[in-house]
Amino acid sequence: MSPAESTNPLFLGLDLSTQQLKAVILNNDSKVVYEAAVHFDRDLPHHATVNGAIKGPEEGEVTSPVKMWVEALDLLFQKLQDGQVDFGAIVAISGAGQQHGSVYWSNEATSLLASLDATKTLSEQLVPKAFTYPKAPIWQDSSTTADCKRLEDEYGGAQSLADRTGSRAYERFTGNQISRIRRLWPSVYENTARISLVSSFIPSLFLGRIAPVEISDASGMNLMDVLTGRWDDKLLEICGGPTLRSKLGPEPSVGGTTLGKISDWWSKKWGLNLDCIVAPFTGDNPATVVSLSAPGDALLSLGTSTTFLLSVSPSDTPPKRFTTSHLLAHPTDFRGKIVMLCYKNGALAREHVKDKYANGHWHNFNELVEETPPGCNGHMGFYFPLPEIIPPNVVGEYFFTTNLVKTTVKPPLPVESVPASIHPRAILESQFLSIKSRVAHILPENSPHLHRLVLSGGGSANHIFRQMAADIFDMDVYVSSTKEGASSGGSLLAKYAWWKKFNPEGSFEDMTGGQVMGLTCVAHPSKETAGIYDGLIDAYDACEEQVVKIWASNSKLG
């Protein structure tokens, strides 16, 4: 019986993240039936990574060994086999990769992938001959500042680049990584036949040929027109010269498609059915959107950093692009988009306030939040222990008094004049209001009202954070029982590609019924409190504008 005819099909989703390679297998009811993982530092210690990465000799350089990733896939399938997974029942494979990482294939790679020997492992056959560069620059790399400046200068500025690609130039974005390799190691670049993202590298191993880049993950390269989903010739020329188009391969692939069937190596080596299909892999953030949200939902990750993700339904008027936000193509609907905001000062800033003003205890922090009224009695605080992304590069703490009735902002206050008790509520208000303000500016006019906010990350367990988010965003707040959002999203993308074979006109929402598995409502907004925060947006914007001016002035003096 072929997988297409199977009465109990399984869907394999992988997530190649910074620290591990994770597998999640779903059944036809979208229930998790098996999980396995290879932790790089623990399971492959001979690569000497720290949290899956290696800091290089160059300033800001952070990479991961490509050989480690190949070995991890070999080891992961051994673990799946040891767990007695029915490989023959897997009908489709998809997944996710850490965004912005890149892999450089040699001229020999195509023939090596096509002629794999089932008596040997992948790593024995592909490393090192299949790769021109043994290290993969990853999202933590910040060594491309000069390349970013050149890209923005030659393309007409940061805003012009954001209008075209969805983002200004960022050090971690793949176009700038390619530019750096071409600049520093021209022979490596010249000898590179194809370039993959992490998300297109993994399916290449399953297909036995190099897979195209997926459209949503391509949004994090500074190389693709985010509205058309096609490579931009001028950007390709700036970053990689006349050969970059051929090195990237065809135009980015869209969700719900089938790239092909697995190579026979996987059948001979592990017993997968030769009819098993391989679907495009996407980035980890888009995959998380797929698994944890439906149209009209927003995702807020309260981890070490703070990340906000919002699916935008297809519209004749696309979301506005700014130099402080990202716009991505959607992994399941070419016409849809994802708005993304990233903040460096997330949990670390909140912990700083907890330690400094709440005796180092979250219980005390929560009590102070509850004792302080919304709006902090006219105070507004900004907390940036690390150089921030939004607003760019700002460091320090800044405090203001505001008029809650009329938008007026007084000059900044010294920290000692601010009541210590207000800081816990103030940091939550400023972090959440920054997002609320920007979303209001990004979304087209008359956009449908968002109705559900899904929290993830360590902060999502705090009941005070949940209620503050509900009140400030004026949405019901949910948490998910799904801990592996990216790999679960990969499994759903695999299921979607398989389902589309029988429902070619159907959408992802048709397949899921618009339902998101494992969500629990944990907070409802207070309409009165939500109204107060709606009235604080202009005051927040005015305060942040002053912060940026103060920082710029101090930087010049320093």
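Odds and ends about this structure:
- Contacts under 6 angstrom Cβ, first residue in region 143-158 being more than 19 Å from I181 (Cα to Cα), partner surrounded by 14 or more Cβ atoms within 10 Å (Cβ to Cβ) and charged (D, E, K, R), 6 or more apart: A158/E152; A158/R168
- Helices (runs of 4 or more DSSP H) lying entirely in region 410-517 (those with 1 or more residues that are basic (K, R) and within 23 Å of the chain's Cα centre (by Cα)): 423-442, 463-473, 485-500
Residue-by-condition table, conditions (1) β-branched (V, I, T); (2) more than 25 Å from R168 (Cβ to Cβ); (3) without any contact (Cβ under 8 Å) to a residue 12 or more places away in the chain; (4) surrounded by fewer than 19 Cβ atoms within 10 Å (Cβ to Cβ):
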residue: G220; (1), (2), (3), (4): no, no, no, no
residue: L236; (1), (2), (3), (4): no, no, no, no
residue: P252; (1), (2), (3), (4): no, no, no, no
residue: K268; (1), (2), (3), (4): no, yes, no, yes
residue: T288; (1), (2), (3), (4): yes, no, no, no
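- For the residues G513, G485, the requirement of being out of contact with any Lys or Arg (no Cβ under 6 Å at 6 or more places or on another chain), modelled with pLDDT under 95 and surrounded by 15 or more Cβ atoms within 10 Å (Cβ to Cβ) singles out G485.
- Residue within region 162-181 that is surrounded by fewer than 18 Cβ atoms within 10 Å (Cβ to Cβ) and either modelled with pLDDT under 95 or not aromatic (F, W, Y) (or both) present: no
- Subset of region 328-386 [of a type in the set (F, W, Y) and either free of Cβ contacts under 8 Å to residues at least 60 places away in the same chain or part of a loop (DSSP other than H, G, I, E, B) (or both)]: F334, Y383, F384
- Checked against the criterion of being under 14 Å from V439 (Cα atoms) and either among the acidic types (D, E) or touching a Phe, Trp or Tyr at 6+ places or on another chain (Cβ under 9 Å) (or both), the candidates T307, T324 yield just one match: T307.
- For region 194-302, the helices (runs of 4 or more DSSP H) that sit wholly inside it and include 1 or more residues that are basic (K, R) and either in contact with a strand residue (DSSP E or B) (Cβ under 7 Å, 6 or more places away or on another chain) or closer than 23 Å to G166 by Cα (or both) are 233-240, 244-248.
- Per-region count, region 20-32, residues at pLDDT 95 or above and either buried (at least 18 other Cβ atoms within 10 Å of the Cβ) or within 13 Å of S487 (Cα to Cα) (or both): 7
- Only one entry in A37, A96, A48, A92 is out of contact with any Leu (no Cβ under 8 Å at 6 or more places or on another chain) and at pLDDT 95 or above, namely A48.
- Taking every residue in region 291-306 that is on the phi > 0 side of the Ramachandran plot and pairing it with any residue that is aliphatic (A, V, I, L, M), at least 6 positions away or on another chain, the pairs with Cβ-Cβ distances below 9 Å are G296/L450.
The values are calculated or read from the model by the stated rules, or taken from the named source; none is laboratory data. Model, not experiment: these values are computed from the prediction. All Cβ positions, glycine included, derive from the backbone under ideal geometry; neighbour counts span all protein chains shown.
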